[in-house]
Structures are given as structure tokens and as C-alpha cells.
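Report on one structure; see the data block that follows.
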Amino acid sequence: MKQSPQEKNLEAMLRSTKLVVGGFMGTDARHPFEVVEQDTAELERLGLRREQVARRMQELTERAKPRLGNWVEAQAGKLRVKSEDFKGVLTCPWPHPGVFEKRITTAERLDTGQKLSWTDLNIHMIESHGFFEGRGAFFRIEPGEAVQILFEGLTLSQK
Amino acid sequence: MAAFIVTILIISSISAALAALLVLCEKYVVNYGPCKITVNGEKELNIQGGKPLLTVLRDEKIFIPSACGGRGTCGVCKVKVLDGAGPVLATETPFLTKEEQADNVRLSCQVKVRNDIAIEIPDELFNVRQYESVCAGIEELTYDMKRFSFELKNPPSIKFVAGQYVQLFCPKYKGSNEEVYRAYSIASDPNANNRVDLIIRRVPNGICTTWCFDHLKEGDPVKMNGPYGDFRLSQSDAPMIFIAGGSGMAPFVSILHYMQNTHNNRKVKYFFGGNTPKDLCLDSQMKEFEESLEGFEFVPVVANPPEGENWTGETGLVTEAVQRQFKDLSGHEGYLCGSPGMIDASIKVFTALGMPEEKIYYDKFA
Ligand SMILES: Cc1cc2nc3c(=O)[nH]c(=O)nc-3n(C[C@H](O)[C@H](O)[C@H](O)COP(=O)(O)OP(=O)(O)OC[C@H]3O[C@@H](n4cnc5c(N)ncnc54)[C@H](O)[C@@H]3O)c2cc1C
Ligand code: FES
Ligand SMILES: [Zn+2]
């Protein structure tokens with residue numbers, strides 16, 4: 001597949017360590033668009049859309065923010081979340097104006113102990129670009145894992 | 001169809017070649033000649049045009065804070081350009097508010113000096129120096145915080161006001177091919193001017209903190225520049241409340257040293273918040289300050305004391321502890337250092353308790 005210069009630039013940016021340690025692609029040899037396609041297909045198989053995942057992540061982030069880095073229960077007895085912010089901003093690697101606070105939110109299932117961490121930039125990249133990051137990237141979000149941790153126990157209308 | 005694809009290929013190759021040529025011309029051929037930068041209406045710098053303002057100023061030993069090394073991704077390098085900078089670029093707008101744009105604020109790494117320009121910078125930036133130092137000690141304070149001591153070599157001493165910060169240079173290392181600068185508040189005694197202590201909290205997968213925690217060793221050479229910032233004690237004698245969390249401890253250690261040095265017995269209550277007792281640190285140093293500073297009291301606050309552990313101190317969020325202990329703060333000054341979320345929450349509590357906004361001090365630059 002022939003890439004346009006813009007696509008080439010984007011891939012180089014996602015693989016570089018300019019914005020984050022290890023880059024957004026980690027050790028993944030697939031093309032970023034393949035990553036997007038395969039993750040979208042996996043989500044579809046699980047009956048969800050990327051917008052729903054991003055919305056849930058945002059909702060949990062908002063729930064945790066006022067507790068200033070301390071755990072708060074998000075689903076009684078099932079899920080807790082905490083959110084920590086750091087000074088400074090991160091920019092989206094796509095070529096558009098997009099600046100996000102450095103904030104890491106972690107959700108933990110109280111029944112299984114499974115944990116998932118994401119940043120505000122992850123929420124944006126999932127919602128706007130369908131990008132869950134490459135395998136091996138520090139903040140790679142596995143769609144299956146995200147669905148298990150974030151949506152378990154929710155009814156269809158709550159998703 | 002084949003002819004159509006070939007035509008597209010030819011056109012895109014020509015455009016790519018032209019774009020590359022333009023970049024090369026800009027770099028090697030175009031000569032903007034000598035240009036003049038007027039600083040604060042007084043100082044004139046005669047320089048060769050063609051480079052970004054941030055770089056030109058650095059060559060002239062004027063250090064503008066910057067966190068991304070001039071790649072236009074941090075928004076830290078703001079400078080007022082009164083004249084000669086041309087229109088604001090698309091790379092700058094995400095970082096500039098409407099008010100800043102109206103006020104001629106620009107990202108100095110994005111503004112290329114092509115003609116004479118006039119800029120305005122805070123006077124204190126003229127005191128900023130580049131320092132070569134050696135890492136002289138690393139002390140573990142908590143599971144995710146360390147105190148790093150740097151012995152200054154060249155120049156061998158620094159003059160700073162307690163509360164100011166330095167920009168630490170983070171070199172390339174395995175997994176990070178970029179050189180970056182990050183801001184860290186000075187945590188040492190301003191009288192011990194041959195060294196700089198920093199208290200650094202690990203940020204998961206952070207460029208600079210990963211380097212500090214996993215790569216930096218005692219004896220390593222380290223570069224930094226500074227001092228920057230106007231976070232400092234006011235000259236009044238109003239009672240004060242300090243609030244910090246995590247690495248927000250750093251500037252207050254320096255400020256308390258300064259108060260000790262100047263026999264300042266202003267009343268101050270320092271609320272330091274952590275999730276569990278494991279997030280608290282420098283307990284014995286705080287006790288020493290309590291003994292030597294008549295008006296000083298340290299109040300550690302733990303949000304979630306683990307069951308079974310005998311925690312008798314304040315619990316909940318730091319802001320909740322302040323609300324429990326004070327009903328009226330109209331005569332107090334507030335000093336804040338920590339995460340942006342903690343700063344916002346503390347400002348809300350302070351103002352709700354009557355503290356005037358202009359009496360609330362923190363590093364505005366985030
Ligand atoms: C005036 C001032 C004073 C300061 N003083 C101190 C101080 O005394 N002590 C202190 O510890 N800090 C201080 N700081 C903060 C410090 O400057 C740095 O911002 C902090 O240490 C983080 O830097 P870093 O390079 O490690 O992280 P960065 O690399 O800049 O950022 C890491 C962030 O990137 C995100 N990220 C990483 N990888 C990915 C990925 N693959 N996908 C999505 N997101 C990702 C994460 O959200 C993480 O939060 C201060 C800041 C300022 C402005
Ligand atoms: S130096 Fe980072 S945006 Fe200019
Ligand atoms: Zn984007």
C-alpha cells in the first residue's frame with residue numbers, strides 16, 4: 001500500500017519518541033491504520049463502538065478527578081477509580097491542534113483485581129482517531145480488556 | 001487508468017521535491033542578514049536572522065523556559081513580541097488564549113527572526129544561567145519520590161529566591177531519543193548556594209522522571225538552567241497556609257530554610273496531603289523546622305489511612321482538613337504547590353473561606 005506523505009509523517013510521529021517514552025506504537029510492526037482497523041473490528045465483535053469506550057473512560061475520569069489522586073468507588077463493590085494529574089500538557093500526534101492535560105486515570109475491578117490505566121490523550125485518540133496505541137506501548141489499551149474492566153455489570157442502556 | 005496513476009505519482013513527486021527544496025533553501029540558502037532584537041525597549045541584540053527566537057536568545061545567554069526543546073509541543077516558551085513577528089502560526093494557537101494573542105504573546109520557538117523585532121521579557125530572565133553540575137546524592141523519600149542533590153561546578157554557585165525552579169536537562173537515553181527540559185522547584189537552602197536539591201516524583205512513563213529514576217546515578221554530570229518563577233514569600237506578616245501534595249513539598253522546604261535563615265516567625269500552617277501514610281515524607285525535617293520556627297506547624301493529612309494502622313492525624317483531602325480547621329481565612333495568605341487539580345480545589349476552598357484571590361500564590365505556569 002502506497003502511503004501519502006501525510007500518512008508517512010503520521011506513522012513516523014507515532015513511532016518516534018518525540019512526545020512519549022517508547023512512542024505510541026511500542027513494538028508493534030503493523031501499520032497504525034491496521035492497528036485502528038483491527039481494534040475497531042475487535043470492539044465491534046464485542047458489541048461496542050469506540051465512542052462508547054471513550055465516553056465511559058471520560059465519565060470515570062470525571063468521577064475520579066475531584067478526589068485528587070485518591071480512589072473513589074464508581075460501581076458499588078465492583079469498580080473503583082483514581083485520577084492523578086501532573087503539571088504540563090501533551091499534544092496529540094495527529095496534525096491538528098490538540099493539547100491535553102497530563103492526567104492518568106486508573107480503574108480497578110474489585111472482584112478480579114484487573115486494572116486499566118489511561119491518559120486524557122488516550123480518550124481523545126480513541127474517540128477521534130480510533131487509535132488504542134500499538135502493542136508494547138506503555139498506554140496501549142487492549143479493547144477486550146477495556147470492555148471487561150470498564151463495562152462488566154453495566155446494562156445495555158448504561159453502555 | 002495507468003496513465004492517470006502515473007500523472008498523480010509525477011505530480012506528487014514534484015510537489016514533494018519542491019517542498020524539500022523550500023526547506024533546504026530556508027535552511028542553507030536564504031540569508032536574512034543581520035537583524036536587531038530590542039529587549040524591553042532598552043537592550044539591543046545584533047544577531048544573524050533565520051533562526052527561531054528561542055534559539056537566538058539562548059545563543060545570547062537569555063534563557064526562556066522551554067520543556068520540549070523548541071519543537072512546539074509544550075507551550076512553555078511564551079514571550080511578548082511587540083513588533084516584527086508576523087501572524088500567529090497554526091502551531092502556536094493551541095497554546096495561546098485569546099487574551100494572550102491580543103496581548104502579542106507568542107511561542108518563541110515558533111517565531112523565526114527574519115527582520116528587526118521588539119520583545120518584552122521579565123527582567124529576572126537576565127539572571128538565568130546555564131549550570132553544569134554533578135549528581136552528588138540520591139535519597140529515596142517514598143516509593144515514588146526521590147531527593148536528588150546536584151553539586152554546581154560551572155558556574156559554581158547559584159543565587160535564587162526560595163520558591164523558584166530550575167529547568168533540568170534530560171538527555172537521550174534508551175527508549176527516548178529526544179532531549180527535553182523539565183521544570184523542578186528548588187528544594188534546598190538558598191544560603192547553600194553551591195548546590196541544588198530537587199524533589200522529584202515519578203510520573204509513569206514520563207520522559208524526564210524515567211531518566212531520573214532509572215538512569216541517573218551519583219557522579220553523573222547534569223545540566224540545568226535557572227532560576228525561574230515568581231513563587232515566593234510575600235513581604236507581609238499575615239498568617240499563612242501552605243498546601244502541597246507529592247513533589248509539591250519541594251519549594252516549601254526551601255522557603256522554610258529561608259524563614260529559618262531570616263528568623264522569620266510568621267504564623268504558618270502547612271497541610272501536606274497523601275493517599276496513605278506511605279505518601280508522606282520528610283517528617284523529621286519538618287519536626288526540626290517546627291522546633292526552630294516559632295510560628296510553624298506541619299499538618300500531614302492522609303486520605304485513606306489503612307485499617308489497623310494507628311493513624312491519629314488529619315484524614316480526608318487536604319482541602320477538607322483546611323475546611324475543618326478554619327472558618328475564616330480573610331486575613332490569611334495561601335501558598336500552593338502540587339497538581340493542577342489540587343491547586344484548583346484549594347483555590348475554591350480558600351476563596352470560599354474569604355481569602356482574597358490576590359493573596360493566593362502558586363506557579364501559574366502549568
Ligand atoms: C514550575 C514547575 C515546577 C515543577 N516542580 C516539580 C517538582 O519540584 N517536582 C516534580 O516531581 N515535578 C515538578 N514539576 C513537573 C515536572 O516539570 C514534569 O512535568 C514532571 O516531572 C513530568 O515530566 P516527565 O518528562 O517525566 O513526563 P512527561 O513525559 O512530560 O509526561 C508523562 C505523561 O505522558 C503521558 N504519556 C506517556 N506515555 C503515553 C502514551 N504512550 N500514551 C498516552 N499518554 C502517554 C502520561 O499521561 C504521563 O502523564 C514542575 C513543573 C512546573 C511547571
Ligand atoms: S519550547 Fe516547547 S513549545 Fe516552544
Ligand atoms: Zn488528535
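The values are calculated or read from the model by the stated rules, or taken from the named source; none is laboratory data. Not measured: the values here are computed from a predicted model. Neighbour counts run over all protein chains shown; Cβ positions are idealised from the backbone, glycine included. Accessible surface areas use protein heavy atoms only, side chains included; no ligands, DNA or RNA. Shrake-Rupley method; radii C 1.70, N 1.55, O 1.52, S 1.80 Å.
Please determine, by comparing only the residues of the range B:204-224 that are part of a loop (DSSP other than H, G, I, E, B) and open to solvent by less than 20 Å² (accessible area, probe 1.4 Å), which one is nearest to the other protein chains (Cβ to nearest Cβ). I'd like the intermediate steps shown before the answer.
If we filter the range B:204-224 for residues that are part of a loop (DSSP other than H, G, I, E, B), which is where we start, we get B:204-206, B:215-220.
Okay, now just the ones that are also open to solvent by less than 20 Å² (accessible area, probe 1.4 Å), so B:206, B:216.
Values: B:Gly206: 7, B:Leu216: 15 Å.
Filtering first and then ranking leaves B:Gly206.
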Original post:
Only one residue in A:Leu48, A:Leu90, A:Leu150, A:Leu154 is away from ligand 3 (no atom under 16 Å from the Cβ) and open to solvent by 20 Å² or more (accessible area, probe 1.4 Å), so which one is that?
Top reply: A:Leu154
Subject >> Tally of residues being open to solvent by less than 10 Å² (accessible area, probe 1.4 Å), facing chain A (nearest Cβ under 10 Å) and either within 16 Å of ligand 3 (Cβ to nearest atom) or closer than 24 Å to B:Ile62 by Cα (or both) across the range B:152-203 >> reply: 1
Subject >> Answer from A:Pro93, A:Pro66, A:Pro97 - the residue that is within 11 Å of chain B (Cβ to nearest Cβ), within 22 Å of B:Val203 (Cβ to Cβ), in contact with a helix residue (DSSP H, G or I) (Cβ under 6 Å, 6 or more places away or on another chain) and of a type outside the set (Gly, Ala, Ser) >> reply: A:Pro93
**OP:** State all residues of the range B:301-329 that are open to solvent by 70 Å² or more (accessible area, probe 1.4 Å) and modelled with pLDDT of 95 or more; if no residue qualifies, say none.
**Re:** B:Gln323, B:Arg324, B:Lys327, B:Asp328
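Take B:Glu132 and tell me if it is under 19 Å from the mean Cα position of the chain (by Cα), surrounded by fewer than 18 Cβ atoms within 10 Å (Cβ to Cβ) and at pLDDT 95 or above.
On the way: under 19 Å from the mean Cα position of the chain (by Cα): yes; surrounded by fewer than 18 Cβ atoms within 10 Å (Cβ to Cβ): yes; at pLDDT 95 or above: yes.
Here the answer is yes, as B:Glu132 does meet what is asked.
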Original post:
Say we look at the range A:18-45 and pick out the residues that are under 24 Å from B:Ser176 (Cα atoms), more than 14 Å from every other protein chain (Cβ to nearest Cβ) and of a type in the set (D, E, K, R); which of these is most open to solvent (accessible area, probe 1.4 Å)?
Top reply: A:Arg30
Original post:
Inside the range B:49-69, can you point out the residues that are open to solvent by less than 30 Å² (accessible area, probe 1.4 Å) and within 11 Å of ligand 2 (Cβ to nearest atom)?
Top reply: B:Leu53, B:Leu54, B:Ile64, B:Pro65, B:Ser66, B:Ala67, B:Cys68
Original post:
In this structure, does B:Phe272 turn out to be within 14 Å of another protein chain (Cβ to nearest Cβ), part of a loop (DSSP other than H, G, I, E, B) and either more than 19 Å from B:Ser188 (Cβ to Cβ) or aromatic (Phe, Trp, Tyr) (or both)?
Top reply: no
